[in-house]
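Every number here is computed from the coordinates shown, using simple stated rules; none is lab data. No experiment lies behind these values; they were computed from the predicted model shown. Here the Cβ is made from the backbone with ideal geometry for all residues, glycine too, and neighbour counts use every protein chain on show.
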Amino acid sequence: MALWRFLTSLKTCAWAGLAFCVAGAVGSVVMGRYPELFADMDAQVFAGWFARKGFADPAPTLWLYGLLLATGLFAVNAACCTFERLVQIFRGTVTLRRLLPHVMHLAFLGVVLSHLVSAVYGDRIPGVAIPQGGFAPVGGTGLAMRLDRFDAVMAPEGYPIDFSATVTLFRDTTAVARGVVRTNEPLFHEGYGIYIKNFGTTPWGAPYAVFDANRDPGATAILAASLLFTAANLLYLFPSRRADA
Amino acid sequence: MEGAHLIPFWLALAAYGAEAGFRLAGVAPSSVRKSPLFAGVLLHAAFLGLRWGLSGHAPMAGLFESLTVFSFCCAVAGLVLCRSEETAAAWKPLSILVLLPQAGAALIDKRMTPPYPALDTPWFATHVGLSFLGYGFFAAGLALGIVYLRVGGDAVYRAAGRSALYGFSAFSAGMVCGGIWAYYAWGSYWIWTPKEIWSVIVWIYFATLAHLKFIPAQDGWPGWTKRLEMGATAAGYGVVLLTFLGVSLLLRSSHSF
């Protein structure tokens, strides 16, 4: 019972929130102090990075342990609170107003769990550089990518206004997907998003483009949970305004 | 036209300056709609609309545009929350919070940011706009929190509570839009940079604050009371400033100016 009271307590929520803020604030500074440690944090999924660096060099990553523990406690607290309150709500008068905070809790849990899925089962393949007309393997996916055509529109001042790449994805010798990739418009295939990151000219004068291929298996669920959270949050505002008017 | 579009910016700055001057001198307009600040907000909206049309993207890129949008959102949040006679006292600190970022913007380079490809998406305007709207409500929370701590009042307490709730809601929606934008533009809804971490700190801070309201005052330490809650609401603005300016200016981040 003492453990359950702890897990459902608003004070636990407060302490977890405070711990997250402190750990995050420390981490934002530590990241700048150890660029050699944290620079490649986004070049692979979090679980892989943490398994290599978090355990090998624990001192500068202590804040991450705190951040993860606080997030976990925050999530468990939200889950237990919602379970306890929903039982009470469904035993009494059920109103949308009473349910909405718990819809937000559940959506928050959805985001945390989906992010966990992406952090463990996702994939990051950075820096796939291909000259126009050339091929390159897309990491260990078994896919190969051909850059069919690269186009860039440059402003007179020298910065790019628009750039796009027409690419074809092959599995073995069969073309399985073809499309145009530009900023804000990736090409999706087999759960991977192909993103154009950079471009330039090879020493022999042909244009080349650099791509990232990322897989986030939790992304769709995160989007759905985030939208659910936002909808419940916005709905929660209206009764509040009427009540306070 | 590029230079002329700054005229409403300067006029808005003058209006905000007049509002702050009047408030500090103890002169209050008969109603918010007859205040210099209200005129300033209209001029400011005209300026932002003109700049949007001229630059081809939402005027929220770079330090100048960020500061002036921040000022605009503080003013709008104040107009939403501080309309009653009881909450009017909050205009004294709030008019300064509106003026300072606009004055800061006046001091720096006002050239338009080029229309970089990544900005060519509606998620840019929604992400940044909603985030700054959240910041504006948090600024109003600071002003209302100060007034509550000094003179109290149920209407001020409720308005301060709404500032945290509205700010949290706008900021949350802004984070969602930012995640969607980042996913399509850079291949991940989340990257590990100080700005992203501090954005979540702001979110967690105000989420926690929203929960603390429900801890009974007699329920042992920390003895959560209205005064402590108002203090934390006001202090939240410090967390916002650290996130917006501190991290963007001092630490390396995808959001650095």
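State the answer as a single residue: which of A:Leu69, A:Thr93, A:Thr220 lies farthest towards the positive end of the charge dipole of chain A, with beta carbon charges of +1 for Lys and Arg and -1 for Asp and Glu, about the Cα centre.
Sorting the options by dipole projection puts first A:Thr93.
Need one word for the stretch B:8-139: rounded, prolate or oblate. Basis is the Cα gyration tensor (sqrt eigenvalues a ≥ b ≥ c); a/c below 1.5 gives rounded, then a/b vs b/c decides.
Since a/c reaches 1.5 and a/b is larger than b/c, the shape of the stretch B:8-139 is classed as prolate.
Two-decimal Rg/Rh of the stretch A:125-215 from alpha-carbon positions, Kirkwood Rh?
In the stretch A:125-215, Rg relative to Rh is 0.97.
Please turn the phi angles of the stretch B:18-32 into ³J(HN,Hα) values with the Karplus equation 6.51 cos²θ - 1.76 cosθ + 1.60 (θ = phi - 60°), one per residue in order, whole Hz, x for glycine and proline.
5, 4, 4, x, 4, 4, 5, 7, x, 9, 10, x, 5, 8, 4
May I ask you to evaluate 6.51 cos²θ - 1.76 cosθ + 1.60, the Karplus curve with θ = phi - 60°, for each residue of the stretch B:194-199 and list the ³J(HN,Hα) values in order in whole Hz, giving x for glycine and proline?
x, 5, 4, 4, 5, 4
Magnitude of the Cβ-charge dipole of the stretch A:125-215, K/R +1 and D/E -1, about the Cα centre, nearest 20 debye?
Computed about the Cα centre, the dipole is about 200 debye.
Helix-only mean residue ellipticity at 222 nm, chain B, DSSP H runs n ≥ 4 weighted -39,500 (n - 2.57), per residue, nearest 500. What is it?
Calculated from helices alone, the mean residue ellipticity at 222 nm is -23500 deg cm²/dmol.
As a test of the formula, what do you get for chain A when each DSSP H run with n ≥ 4 contributes -39,500 (n - 2.57) and the sum is divided by the residue count, at 222 nm and rounded to the nearest 500 deg cm²/dmol?
My calculation for chain A gives -16500 deg cm²/dmol from helical runs alone.
Please report, in debye to the nearest 20, how large the charge dipole of the protein assembly as shown is about its Cα centre when each Lys and Arg carries +1 at its beta carbon and each Asp and Glu carries -1 there.
Computed about the Cα centre, the dipole is about 1360 debye.
Kindly state, to the nearest 0.05, the FRET efficiency for B:Leu42 paired with A:Trp204, given R0 = 41 Å and r defined as their beta-carbon distance.
The value I calculate is 0.10.
List the GluC sites (Glu not before Pro) in the stretch B:35-108 that DSSP assigns to loop (not H, G, I, E or B) and whose Cβ has at most 15 other Cβ atoms within 10 Å. Which are they?
Sites meeting the loop and neighbour criteria: B:Glu85.
Across peptide A:154-166, how many C-beta atoms of other chains are within 10 Å of each residue C-beta, on average?
Across A:154-166, the average partner-chain Cβ count within 10 Å equals 2.
Could you point to the residue in A:Tyr208, B:Phe244, A:Ala78 farthest towards the positive end of the protein assembly as shown's charge dipole, with +1 and -1 charges on the Cβ of Lys/Arg and Asp/Glu respectively?
Working it through, the farthest residue towards the positive pole turns out to be A:Ala78.
Just going by the charge dipole of the stretch A:125-215, with Lys and Arg at +1 and Asp and Glu at -1 on Cβ, which of A:Ala144, A:Met154, A:Phe199 is farthest out on the positive end?
A:Ala144
Whole Å is fine, so just give me how far the alpha carbon centre of the stretch A:102-130 lies from that of the stretch B:126-188.
A separation of 25 Å, based on Cα centres.
Per 10 Å bin, what percent of the C-alpha pairs of the stretch B:88-207 does each bin hold, from zero upward?
13, 33, 33, 17, 4, 0
Which shape class applies to the protein assembly as shown: rounded if a/c is under 1.5, otherwise prolate when a/b exceeds b/c and oblate if not, where a ≥ b ≥ c are the square roots of the Cα gyration tensor eigenvalues?
oblate
Run the Debye formula on the Cα coordinates of chain A, all scatterers equal and no solvent, and tell me log10 I(q)/I(0) at q = 0.08, 0.09, 0.12, 0.17 1/Å.
Normalising to I(0) and taking log10 leaves -0.49, -0.60, -0.91, -1.24.
Compute the distance in nm between two label points, each set 7 Å from the Cα along the Cα-to-Cβ direction, one at A:Arg33 and one at A:Ala59.
Using points 7 Å along Cα→Cβ, the separation is 1.0 nm.
Report the Cα centroid-to-centroid distance between the stretch B:1-56 and the stretch B:77-101 in angstrom, as an integer.
14 Å
Which order, highest average first, do B:106-113, B:69-76 follow once you tally other Cβ atoms within 10 Å for each residue and take the mean per peptide?
Top to bottom by mean Cβ count within 10 Å: B:69-76, B:106-113.
Consider all pairwise Cα distances in the stretch B:1-57 and report the whole-number % of them above 17 Å.
The calculated P(r) of the stretch B:1-57 puts 41 percent of pairs beyond 17 Å.
Kindly express, to the nearest 10 degrees and within the range 0 to 90, the angle between helix A:96-121's C-alpha long axis and the longest C-alpha principal axis of chain A.
Once rounded, the angle reads 40 degrees.
Counting only other chains, and only Cβ atoms inside 10 Å, what mean value do you get across the residues of A:23-31?
Mean shielding count: 6.
Residues of A:191-199, mean number of Cβ from any other protein chain within 10 Å of their own Cβ, rounded to a whole number?
If you average over the peptide's residues, the count of other-chain Cβ atoms is 2.
Across chain B, what fraction of all alpha-carbon pairs, as a whole percent, falls in each successive 5 Å bin from zero upward?
Going from the shortest bin to the longest, the percentages are 1, 6, 13, 17, 18, 16, 13, 8, 4, 2, 1, 0, 0.
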